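The values are calculated or read from the model by the stated rules, or taken from the named source; none is laboratory data. Since the model is a prediction, treat every value here as computed from it, not as a measurement. Here the Cβ positions follow ideal geometry from the backbone for every residue, glycine too, while neighbour counts run over all protein chains shown. Surface accessibility is based on the protein's heavy atoms, side chains included, excluding ligands, DNA and RNA. Shrake-Rupley method; radii C 1.70, N 1.55, O 1.52, S 1.80 Å.
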Amino acid sequence: MEVMSDILRSIRVMGSVYFCSQVDAPWTKTFTDLDYASFHMIRRGRCWAKIDGRVERLEAGDLIFLGPGQDHILSSQSPEKGKPDLDESTMLLCGSFSFTRTATTPLLDVFPRVTIVRDKDFESLPWLRSTFDQLSAEYLSQGPGSELIVNKLTEIILVELIRINFGREQKSPFLDALNDKRISRALQLLHDNPQQSWTLESVASQIGMSRAAFASRFTSLVGLPMFGYLTNLRMQRAQELLRESLLPIYDIAEQVGYESERAFTLTFKKHTGTTPKRYRTQ
């Protein structure tokens, strides 16, 4: 299993579209106190976007993504002096993404708070452009199964946005970790077998590094010591099993690398603030 795929799966994205319609000038839409990520695609026309102190002009075909909790305003009216109001009708496609809040992954830190994909960028991503076309058509059709298709397409779009950002020129230690041959191999070992009794020595020997050099490089690139990363990974797997299976808790403990249910329960409660049993019932 690729590390990237496993991390994306752990985020457990839920997507939806809540607006796809034409707005006539003058118009303003304000988005505040959000607990989810948002995206807006300008299907036709243009508008201004204001995010904190940043102002962007969005043209037809542009897409803007905003991370969870990011307040923003879309408007036909200029947010700054010296910039023109926009008087044409605009077609907006607006949606949201929610993540499993308990997912602890450096990937969410890598993803920028604001990402803009311009219309010209879609020239190299024709299938993504067609995905937005289908998303709009499905939402407007309201046919049988449309809601399910819309939600799944929205989730796919988020994964592609993450992949786009991984390909852009931005520096991040975790991106360097995924591109580092040895540290990437170490991450692969942990993700493939989180239940194994890994030690710094056992992982270091498999990737051809000394214990001290491996420990230092892993922490500097990943942002966590190896055991901290492994614990997060085990707890994510445990939460998945608690949600999606009927396995007894002692079996789940064993599957994620704990020799006793008590040790697993103590770690789980420290990590999530609740016991495995209560987490399952909730």
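Some values worked out for this structure:
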read-out: Extreme residue, modelled with the lowest pLDDT, among residues of the range 28-60 that are aromatic (Phe, Trp, Tyr) and out of contact with any His (no Cβ under 8 Å at 6 or more places or on another chain); value: TYR36
read-out: The lone exception for GLY223 - which of (1) in contact with an Asp or Glu (Cβ under 6 Å, 6 or more places away or on another chain); (2) in contact (Cβ under 8 Å) with a residue 60 or more places away in the chain; (3) open to solvent by 20 Å² or more (accessible area, probe 1.4 Å); (4) not basic (Lys, Arg) it fails; value: (1)
read-out: Filter result for TRP198 (among the aromatic types (Phe, Trp, Tyr), modelled with pLDDT of 85 or more, open to solvent by 10 Å² or more (accessible area, probe 1.4 Å) and touching a Gly at 6+ places or on another chain (Cβ under 9 Å)); value: yes
read-out: Selected residue (only one of GLY228, GLY208, GLY257, GLY273 is within 30 Å of THR115 (Cβ to Cβ) and among the small types (Gly, Ala, Ser)); value: GLY228
read-out: Those helices (runs of 4 or more DSSP H) lying entirely in the range 170-222 with at least 2 residues out of contact with any Cys (no Cβ under 9 Å at 6 or more places or on another chain) and within 30 Å of SER260 (Cα to Cα); value: 181-192, 200-207, 211-222
read-out: Any pair with Cβ under 6 angstrom, 6 or more apart, that starts in the range 80-99 at a residue that is touching a residue at least 40 places away in the same chain (Cβ under 8 Å) and polar (S, T, N, Q) and ends at one that is part of a loop (DSSP other than H, G, I, E, B) and open to solvent by 30 Å² or more (accessible area, probe 1.4 Å); value: SER89/ASP24; SER96/TYR36; SER98/TYR36
read-out: Subset of the range 246-276 that is among the polar types (S, T, N, Q) and open to solvent by 30 Å² or more (accessible area, probe 1.4 Å) - its residue that is nearest to VAL203 (Cα to Cα); value: GLN255
read-out: Condition met for ASN151 (more than 30 Å from ALA25 (Cα to Cα), open to solvent by less than 60 Å² (accessible area, probe 1.4 Å) and at pLDDT 85 or above); value: no
read-out: From PHE214, PHE264, residue being over 16 Å from LEU190 (Cα atoms) and modelled with pLDDT of 95 or more; value: PHE264
read-out: Residues satisfying the stated conditions in the range 217-236, i.e. of a type in the set (Lys, Arg) and either at pLDDT below 90 or more than 26 Å from PHE99 (Cβ to Cβ) (or both); value: ARG217
